[in-house]
Structures are given as C-alpha cells and as structure tokens.
Amino acid sequence: MEEGIQCTLCSIQFNSEDTSEYERFYNKFIEDAKLNRDLLRIVQILGKIADEGALERRFRPEGKMNDSVVALPVLSSKLRLYCLRLSNGILILGNGGVKNSRTYEEDDSLRGYVLNLQKFEELLKEGHKNGSVIITERIIETDNTFEL
C-alpha cells in the first residue's frame with residue numbers, strides 16, 4: 001500500500017473482494033458522520049507510522065500472547081483498526097469496526113477480523129520457515145497466494 005520513510009504499510013486482500021481489508025474498513029466509515037473524525041485520526045496516525053515506524057507504544061495488543069495482532073487507536077475512540085505489527089518497519093493493516101463490547105472476542109465481526117490476521121500471520125511464519133516467503137526489515141516478498 002505505502003512505503004514510508006521508516007515503515008511499509010501493507011494490507012490483506014481476499015480473492016473474492018475488489019478492495020483490501022483496510023480499504024473496506026476505510027470505506028465503511030468515511031461517510032459516517034459520528035465516526036468519520038475517528039477514522040481520520042487513524043489515517044493520520046498511519047501517516048506518522050509510515051514516517052516514524054510502527055513503534056510499539058502506538059498500539060494496543062489485542063490478540064494472543066504468541067501473535068502480533070494489535071489495534072489502533074489507543075486513544076479514547078470506539079473505532080478499532082486491527083493490524084499485524086511484524087516489526088517497526090512492517091505493518092499489515094486489516095479490517096476493523098466499532099468496539100461496543102469489552103473485548104473483541106465478544107463481537108463476531110471484530111473476532112473475525114482478528115482471526116483472519118492471526119491465520120495470515122501463521123501462514124507468513126510457515127512460508128518464512130520453508131523459504132517461500134522472504135521477510136526483510138521493511139519488505140515481505142512472496143509469489144504465494146495464501147488460503148485463509
């Protein structure tokens with residue numbers, strides 16, 4: 001999606017969709033009068049991340065202890081964008097929504113977004129291990145199509 005000064009921002013796109021998960025997230029809330037402001041705040045934070053790096057302090061850990069799933073923003077907003085923070089130099093943007101429950105597990109759609117990212121990370125790790133995926137400081141290289 002975007003290669004910034006310090007961080008590359010990527011997103012997942014399913015074969016059945018015309019747009020990436022991040023674009024679907026963006027399109028859901030850009031016309032929403034109540035949540036548009038929070039969305040634009042997230043977009044602004046993503047710009048800073050591209051320029052300054054995906055530093056841990058910018059994110060809220062969301063997944064399990066052994067995965068890299070995080071959420072934006074950490075400020076007082078009900079809107080959550082779920083991501084995979086692979087390093088300071090690589091951030092994979094997923095999808096998200098309004099968090100009306102205490103945890104993402106209590107909401108079917110939010111849980112689905114997190115599960116997709118967790119599964120994708122497993123496939124990336126597997127591919128890295130067998131050599132079909134190359135992950136450098138700021139780039140993920142592969143010819144694979146992943147089956148989620």
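The values are calculated or read from the model by the stated rules, or taken from the named source; none is laboratory data. Keep in mind it's a predicted model, so treat the numbers as computed, not measured. Cβ atoms come from the backbone with ideal geometry, glycine included; neighbour counts cover every protein chain shown. We work out accessible area using only protein heavy atoms, side chains counted, and drop any ligands, DNA or RNA first. Shrake-Rupley method; radii C 1.70, N 1.55, O 1.52, S 1.80 Å.
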One finds, for Asp108 and Gln6 with R0 = 25 angstrom and r their Cβ-Cβ distance, a FRET efficiency to the nearest 0.05 of 0.10
Helix 108-130 versus the longest principal axis of the chain: what is the Cα-based angle in degrees, 0 to 90, to the nearest 10? 20
Label model pair Thr142, Asp32: point-to-point distance (7 angstrom along the Cα→beta-carbon line) in nm is 2.9
Where Rh is the Kirkwood radius over Cα pairs, Rg/Rh for the chain: 0.94
Once amide H atoms are built 1.01 Å from N in the peptide plane, which residues 5 or more positions from Leu79, or in another chain, come under 5 Å H to H? Lys99
What is the count of Lys pairs in region 26-148 whose alpha carbons sit under 20 Å apart, if the two are 8 or more places apart or on different chains? 9
Show me 13-20, 42-49 ranked by packing, highest mean number of other Cβ atoms within 10 Å first. 42-49, 13-20
Rg and Dmax of region 47-114 over Cα atoms: what are they, in angstrom? 11.6, 34
Find how many whole Å separate the alpha carbon centroid of region 79-148 from the alpha carbon centroid of region 30-77. 14
Charge dipole of the chain built from unit charges on the beta carbon (Lys, Arg +1; Asp, Glu -1), centred at mean Cα; most positive-end Cα among Leu93, Leu110, Leu79 is Leu79
Once Glu17 and Glu52 are pulled to full extension, the length gained, defined as 0.36 nm per residue separation minus their Cα-Cα distance, is 9.5 nm
For the chain, what does -39500 (n - 2.57) per DSSP helix run (n ≥ 4), summed and divided by total residues, give at 222 nm, in deg cm²/dmol to the nearest 500? -11000 deg cm²/dmol
What distance in nm separates the simple spin-label points at Ser132 and Lys119, each placed 7 Å from Cα in the Cβ direction? 1.6
Got a number for the accessible area of Asp51? Probe 1.4 Å, square angstrom, nearest 10. 80
